[in-house]
1. At a threshold of 8 angstrom on Cα-Cα distance, excluding pairs fewer than six apart, so keeping six or more, what relative contact order does the stretch 73-167 reach in percent?
2. For Cα pairs less than 8 Å apart in space and 6+ apart in sequence, what is the mean separation divided by the residue count of the stretch 165-277, i.e. the relative contact order in percent?
3. Under the rule a/c < 1.5 gives rounded, and otherwise a/b versus b/c splits prolate from oblate, where does the stretch 1-132 land using the Cα gyration tensor?
4. Eigenvalues of the Cα gyration tensor times 5, then square-rooted: what semi-axes does that give for the stretch 146-267, in whole angstrom, largest first?
5. What order do you get for 8-18, 273-283, 202-212 when each peptide is scored by the mean count of other beta carbon atoms within 10 Å, highest first?
6. How high is the relative contact order of the stretch 49-377? Use alpha-carbon pairs under 8 Å, at least six apart in sequence, and give a whole percent.
7. By per-residue mean of other Cβ atoms within 10 Å, what is the highest-first order of 391-403, 224-236?
8. Taking the square root of 5 times each eigenvalue of the Cα gyration tensor, what semi-axes in Å does the equivalent ellipsoid of the stretch 49-377 have, largest first?
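What follows is calculated from the coordinates using simple rules that are stated; it is not laboratory data. Just so it is clear, the model here is predicted, and its values are computed rather than measured. Backbone-built Cβ (ideal geometry, glycine too); neighbour counts: all protein chains shown.
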C-alpha cells in the first residue's frame, strides 16, 4: 500500500508540475498520471487498482464535505428558484438529448436510458476545481451554480434507484420511485433539522477546548459518521458527506474547519482524478473516436444551452446564466457511478463505459477554456442582441442588483433576519416548539459575524 501511494504521489506530482508550467489545468495532469500508472499504456499496472479506487472514493467524500462547508443551507434556500428550475431544465433537457442520441445510435431502450442518465449530471468536483483554479470562487454566478450542482447530486440518487428498478424488473415501478423520493426528502429534513439544532450549539459549548488537532478529528468523525448513516439508509455516502459539511457550516468554527480540511481534500481529490485516468485505455480512444467526439459535442452544446436557459428562467442575469452553463460542460463522478451500476447489473453495452470515461476526460480538459469563453460570448450576444432582448437583459441585471443591495442592508443596519419574526407568527403556540424554532434560526444566523471576522483576519 505504501508502494502504491508512493508511485501515485510522485507521478501525480511530477506530471501536475509539468502541466502547471505549461499553464494547463492541474486536474488534467492528475488524469494523465493515472493513464501512465494504469494497466493499459505499458501492459501492466504499477499500482493496485483496488487501493486507488478506495482512496479515490474517500477523495470524493472529502471534496463534497468541503463543498458543504463552503455553501450554507440558508444560501441554498435563498437560491431555491434558480436551483430547482436550473437543475430540472438541465437534467430534463440532457436526458431527452441523451436518450435521443442513444436511439439514433440504435441502442436498446435500457442502454439509451443509461446513456441519458450518464450525460445529465455535471461534475461537482471538476466544476469547483475549475472555478477555484480560474480565481472565480467569489464570482456571483458561483452561488447559483453550486445550488444547481447540489440539486443534481440529490436527483442522481433518485435516478440511480429508477435505473436499477428498470434494469432488474425491465419495467418502470412508479410506486417504488415515489416511495424513495419521499424517504429521501424526509431523511434530508430530519438530518438538517436535528443536525442544525444540536451540532452548532454543542460546538459553541466546547469551543474553548478545541485546538486544531481536536477540531479536525471531530469534524472528520462527524463526516464519516454521516457517510455511514447515509449508506445505511440506502443513499449515496457522498450525499451524507455533503450534508454534514452543510451542518458544520452553521457553526462558529466552519471557516477554521475548511482551512484545516484543504490539504487533506487536495491530496485525496488528486487520487480520485488519478483513479479516473487509470480507467482510460488509449486504444479505446482510437477505436471509438467518432462516438467520443459526438458524445463530447452533445455534452458541451447541451449543457451550455440548457444551463443558460435554466438559470435565466430561474431569475439569474444573462451573464451569470452563461457563466454557469459554460462551466457545466463536463460529466464526472456520478456518470462513472451510473456506468458502474449498469456494468454490475450486466445491462450496459461494453462500448459505453470507455466512451463515457473518454468523454469525461475530453470535456474536463475543455472545461477551463470553455469557461473563459463565457464572458466574451456574453459580450458578443449583448452587442448583437435585438433591442427587446437587450432591454430584458438590462432589466434583469437591475433586479438582481437591487435584490443584492436589499440583502446587504439588514446586515449593515444590524437587523436580524426577517425570517425569524415571520416564522414565529406561523409556528404553533407551544413553548417547546417556539424554542426549537428560535434555536434553529439562531444557529443558522448567529455565526455569520464570527465567520466574516475570521475571513477578514485571514486577508490581513
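1. Worked out over the stretch 73-167, it gives 37 percent.
2. 25
3. Oblate is the answer for the stretch 1-132, as a/c is 1.5 or above yet b/c matches or exceeds a/b.
4. 33, 15, 11
5. 273-283, 8-18, 202-212
6. Working: 455 pairs, mean separation 108.3, N = 329.
Over the stretch 49-377, the number comes to 33 percent.
7. Details: 391-403: 13.3, 224-236: 17.2.
Descending packing order for the listed peptides: 224-236, 391-403.
8. On the way: eigenvalues 197, 98, 82 Å².
Taking √(5λ) for each eigenvalue gives 31, 22, 20 Å, largest first.
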